[in-house]
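The values are calculated or read from the model by the stated rules, or taken from the named source; none is laboratory data. Note that this is a predicted model, so its numbers are computed, not measured. When we count neighbours, we look across all protein chains shown, and the Cβ atoms used for this are built from the backbone with ideal geometry, even at glycine. Side chains included, ligands, DNA and RNA excluded: accessible areas come from the protein's heavy atoms. Shrake-Rupley method; radii C 1.70, N 1.55, O 1.52, S 1.80 Å.
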Amino acid sequence: MALNQPPDLAAFTPVEHGKRSLRSTLVRTMLIVLGAVLVAVSLELFLVPNNVTDGGITGISIIMSFLTGWKLGIFLFLINIPFLVIGYKQIGKTFALSTLLGISVMSVGTLLLHPVAAFVNETVLAVVFGGMFLGLGTGLVLRSGGSLDGTEIIAILLSRRTIFSVGEIVMIINVFILTGAGFVFGWDRAMYSIIAYYIATKVIDITIDGLDQSKSVWVISDRTYDIGNAIISRLGRTVTYLSGEGGFSGEDKKVIFCVITRLEEAKLKEIVNHFDENAFMAVGNIHDVKGGRFRKRDIH
């Protein structure tokens, strides 16, 4: 296939993508480890000792740990891993490895911090600072291309088979989890948990610069088709090529448009930079995506 030419879909083969530099990999790894440690600190030194829980798999793990007496880190690892394996083809190798690292560090961190006394016993302070550390840690991991909770993986898979968006499914799951926390810890603790979850969510948004569930992406480059082919191959996302005209140059331009999830933004930026560091790229938040071809291909 000639460089920067429309793909022959009948003979489409995956595009090889360049490897990250050692420095980039080390920075991402350090951020994931730091984020996972912050989450472990939030859970063991602020939230869990005060019977305040979180949403998602973390919330389920906290409830299971309380009911069984087993260490929290055991449930964080055991419950998350199956969903990571199930979602492997839908998310990609890099994301899977980053998530595995984050979950492992978080789980070991909670085990090591479990014997340490709670940092504060005042519930309001625990909720505020626990939520902040939780959001900061989760945001750092998401920004680095990983995740610490299998809930979003579940939501992405279910959204393909239901009429609900990823955000709606996450919200439904968390409603059930926080309701369960009310029966286990008491309704006042459940309300504190909602506050902590809200604070964490806002801090995540700040940490990763307003990253939302879905993103619309526009790319203008002289290597439009190379980038588009790589997006299809590496992310499993379909792209649309639009015709445009330069306002100053008057030259014809091809514009890439696609919709991705927030978990895929870091990888997409890396793909674009690999082919054209000077490419124009605009990323916007989307609150809902329905219809069209917002379904992933399997990727390897």
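With 235, 268 as the choices, which residue is surrounded by 21 or more Cβ atoms within 10 Å (Cβ to Cβ), of a type in the set (A, V, I, L, M) and modelled with pLDDT under 90?
Details: 268 fails: modelled with pLDDT under 90.
Sole residue among the options that is surrounded by 21 or more Cβ atoms within 10 Å (Cβ to Cβ), of a type in the set (A, V, I, L, M) and modelled with pLDDT under 90: 235.
Taking into account only those residues within the stretch 6-35 that are hydrophobic (A, V, I, L, M, F, W, C) and under 15 Å from residue 141 (Cβ atoms), which is modelled with the lowest pLDDT?
27
Scan 149, 226, 222 and give me the residue that is in contact (Cβ under 8 Å) with a residue 40 or more places away in the chain, in contact with an Asp or Glu (Cβ under 9 Å, 6 or more places away or on another chain) and surrounded by fewer than 16 Cβ atoms within 10 Å (Cβ to Cβ). Working first, answer last.
Details: 149 fails: surrounded by fewer than 16 Cβ atoms within 10 Å (Cβ to Cβ); 226 fails: surrounded by fewer than 16 Cβ atoms within 10 Å (Cβ to Cβ).
Step by step, each of 149, 226, 222 is checked, and only 222 is in contact (Cβ under 8 Å) with a residue 40 or more places away in the chain, in contact with an Asp or Glu (Cβ under 9 Å, 6 or more places away or on another chain) and surrounded by fewer than 16 Cβ atoms within 10 Å (Cβ to Cβ).
Being touching a Leu at 6+ places or on another chain (Cβ under 9 Å), without any contact (Cβ under 8 Å) to a residue 12 or more places away in the chain and of a type in the set (A, V, I, L, M, F, W, C): is that true of residue 164 here?
yes
Of the conditions (1) surrounded by fewer than 18 Cβ atoms within 10 Å (Cβ to Cβ); (2) at pLDDT 90 or above; (3) closer than 27 Å to residue 31 by Cβ, residue 300 clears all except one; give me its number.
Residue 300 satisfies all of (1) surrounded by fewer than 18 Cβ atoms within 10 Å (Cβ to Cβ); (2) at pLDDT 90 or above; (3) closer than 27 Å to residue 31 by Cβ except (2).
Condition first: part of a helix (DSSP H, G or I), modelled with pLDDT under 90, over 23 Å from residue 268 (Cβ atoms) and of a type in the set (S, T, N, Q). Can you find one or more residues in the stretch 154-175 that meet it?
yes
Evaluate the following for residue 214: is it open to solvent by less than 70 Å² (accessible area, probe 1.4 Å), touching a strand residue (DSSP E or B) at 6+ places or on another chain (Cβ under 7 Å) and either modelled with pLDDT under 85 or over 18 Å from residue 259 (Cα atoms) (or both)?
Against the criterion (open to solvent by less than 70 Å² (accessible area, probe 1.4 Å), touching a strand residue (DSSP E or B) at 6+ places or on another chain (Cβ under 7 Å) and either modelled with pLDDT under 85 or over 18 Å from residue 259 (Cα atoms) (or both)), residue 214 qualifies.
Of the residues 239, 175, which single one is without any contact (Cβ under 8 Å) to a residue 12 or more places away in the chain and farther than 14 Å from residue 263 by Cβ?
175
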